[in-house]
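The values are calculated or read from the model by the stated rules, or taken from the named source; none is laboratory data. It should be emphasised that the depicted structure is a prediction, and the values quoted were computed from it without experimental measurement. No Cβ is skipped: glycine too gets one built from the backbone with ideal geometry, and neighbour counts run over all protein chains shown.
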Amino acid sequence: DAKTTQPPSMDCAEGRAANLPCNHSTISGNEYVYWYRQIHSQGPQYIIHGLKNNETNEMASLIITEDRKSSTLILPHATLRDTAVYYCIVRAVHQTGANNLFFGTGTRLTVIP
Amino acid sequence: NAGVTQTPKFRVLKTGQSMTLLCAQDMNHEYMYWYRQDPGMGLRLIHYSVGEGTTAKGEVPDGYNVSRLKKQNFLLGLESAAPSQTSVYFCASKASGWNNEQFFGPGTRLTVL
């Protein structure tokens with residue numbers, strides 16, 4: 001599985017967009033980019049995933065560069081409840097199999113009032 | 001629909017004692033996972049199961065055993081607890097197929113003295 005690199009911490013003003021970068025320069029063609037977040041003391045929560053096209057859901061947007069070597073998770077209007085550790089995970093997906101996830105240390109996002 | 005539940009929420013053990021952590025899911029998911037998370041670290045996979053009656057080793061399996069006798073339950077056992085096993089333990093489950101979203105439980109905080 002491709003290794004990911006994320007900044008250890010970021011701050012964002014409440015109401016502004018939070019842009020969390022992730023570098024995955026060794027990503028393979030069949031590997032997806034997944035984002036999870038972990039609010040303090042809780043279990044991780046799935047946010048979004050994508051292969052090569054940009055993706056958007058009710059929580060966030062995922063922008064993947066054309067060469068797929070990096071991506072950005074965008075929280076369009078950050079709130080205090082978005083303060084969490086955000087994990088970028090790259091993983092091949094198979095229809096059968098456990099498709100285990102490997103968590104790094106992530107980015108600690110602090111939303112400031 | 002309770003999702004993924006874990007029992008107990010907290011536990012303190014003495015070195016050498018044994019215990020079992022219970023994970024239950026009511027989503028009829030095929031796959032289940034046990035992770036541990038040490039302070040300031042990401043989650044590391046201990047064991048996982050791709051279906052009832054099957055288990056497999058993850059990244060850090062030593063000192064743990066698991067069983068999946070029923071599809072909805074995944075048990076994690078510590079036969080002889082050690083201080084190095086002090087951690088927060090998370091269980092997760094996932095449906096079969098292409099979707100790789102894992103649903104996590106609230107965690108069990110274990111301290112081994």
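Residues checked against (1) more than 7 Å from every other protein chain (Cβ to nearest Cβ); (2) modelled with pLDDT of 95 or more; (3) under 14 Å from the mean Cα position of the chain (by Cα); (4) surrounded by 19 or more Cβ atoms within 10 Å (Cβ to Cβ):
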| site | (1), (2), (3), (4) |
| --- | --- |
| B:P39 | yes, no, no, no |
| B:A56 | yes, no, yes, no |
| B:E59 | yes, no, yes, no |
| B:K70 | yes, yes, no, no |
| B:A95 | yes, no, no, no |
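Yes/no per residue for (1) surrounded by fewer than 18 Cβ atoms within 10 Å (Cβ to Cβ); (2) under 27 Å from B:F10 (Cα atoms):
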residue: A:E58; (1), (2): yes, no
residue: A:L62; (1), (2): no, no
residue: A:D67; (1), (2): yes, no
residue: A:F103; (1), (2): no, yes
residue: A:P113; (1), (2): yes, no
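Do you know which of the residues in segment A:1-16 that are assigned to a strand (DSSP E or B) and surrounded by 15 or more Cβ atoms within 10 Å (Cβ to Cβ) is farthest from the other protein chains (Cβ to nearest Cβ)?
Applying the filter and picking the extreme gives A:C12.
When you scan segment B:83-97, do you find a residue that is assigned to a loop (DSSP other than H, G, I, E, B) and without any contact (Cβ under 8 Å) to a residue 12 or more places away in the chain, even just one?
yes
Pairs under 6 Å by beta carbon, first residue within 11 Å of chain B (Cβ to nearest Cβ) in segment A:77-89, partner basic (K, R) and surrounded by fewer than 21 Cβ atoms within 10 Å (Cβ to Cβ), six or more apart or different chains?
Sorted first by the residue in segment A:77-89, then by its partner, the pairs are A:V85/A:R108.
So which residues in segment A:69-81 are surrounded by fewer than 19 Cβ atoms within 10 Å (Cβ to Cβ) and over 14 Å from A:I39 (Cβ atoms)?
Result: A:K69, A:S70, A:T72, A:I74, A:P76, A:H77.
I'm trying to understand the selection: among the residues of segment A:17-44, which are crowded, with 17+ Cβ neighbours inside 10 Å and within 14 Å of chain B (Cβ to nearest Cβ)?
Within segment A:17-44, A:C22, A:E31, A:Y32, A:V33, A:Y34, A:W35, A:Y36, A:R37, A:Q38, A:G43, A:P44 meet the criteria.
Pick out, from segment A:22-113, the strands (runs of 3 or more DSSP E) lying fully within it that include 3 or more residues that are aromatic (F, W, Y) and in contact with a Phe, Trp or Tyr (Cβ under 8 Å, 6 or more places away or on another chain). Break it down stepwise before answering.
Values: elements: A:31-38, A:45-50, A:61-64, A:70-75, A:84-92, A:107-112.
Output list reads A:31-38.
I need the full set of residues from segment A:13-32 which are farther than 16 Å from A:G50 by Cα and within 16 Å of the chain's Cα centre (by Cα), in order please.
A:A17, A:A18, A:N19
For the condition touching a residue at least 60 places away in the same chain (Cβ under 8 Å) and touching a strand residue (DSSP E or B) at 6+ places or on another chain (Cβ under 7 Å), what is the one hit in B:T20, B:T7, B:T55?
Numbers: B:T20 fails: touching a residue at least 60 places away in the same chain (Cβ under 8 Å); B:T55 fails: touching a residue at least 60 places away in the same chain (Cβ under 8 Å).
Sole residue among the options that is touching a residue at least 60 places away in the same chain (Cβ under 8 Å) and touching a strand residue (DSSP E or B) at 6+ places or on another chain (Cβ under 7 Å): B:T7.
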